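K.L.:
Structure in structure tokens, see below.
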Amino acid sequence: GQEPRGSCCCLQTTFLARNLEEARSLYDHLAVLGPIMLALTAATPLYRGRVADTDVRWSVISQSVDDRTPEERGAVPEAKAKALQKSRYDSISLFIADAANAYFKDKYNDLNVKYDKDAVER
């Protein structure tokens, strides 16, 4: 007989928010809950260090959909200054809720994040 094949699956959900403020707050809350839910899925034997050197499949999925150009990845020396540190399908670097949100604190955004000033000013 044929040996069983391993597979990966994931769940994508779509949320409807009443406005941008609620959407940003929801995004921030899910950014905190996501790693907890990811840790709960670490029981898969294929990714528990037995076959792959990782507990979860986040990096596998992230790398499979990394659509950065060679310039954005920093592979082209003259474009290193504009390189994106990580894929668009990766962890977040900043919380995005409005400062007026009761849950938002400036101290949570303690990373020095590189950004395109021209794009922000538009």
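K.L.:
Name the aspartates and glutamates eligible as straight-distance cross-link partners of residue 80: C-alpha to C-alpha under 17 Å, and not fewer than 8 places from it in the same chain.
P.N.:
Excluding near neighbours in sequence, the set is 67, 71, 72, 116.
K.L.:
Can you tell me which lysines have their Cα less than 22 Å from the Cα of residue 82? Leave out same-chain residues fewer than eight positions away.
P.N.:
Candidates past the 8-residue exclusion: 114, 117.
Computed from the coordinates by the stated procedures, all read-outs in this text should not be read as laboratory data. Just so you know, these numbers come straight off a predicted model, no measurement behind them.
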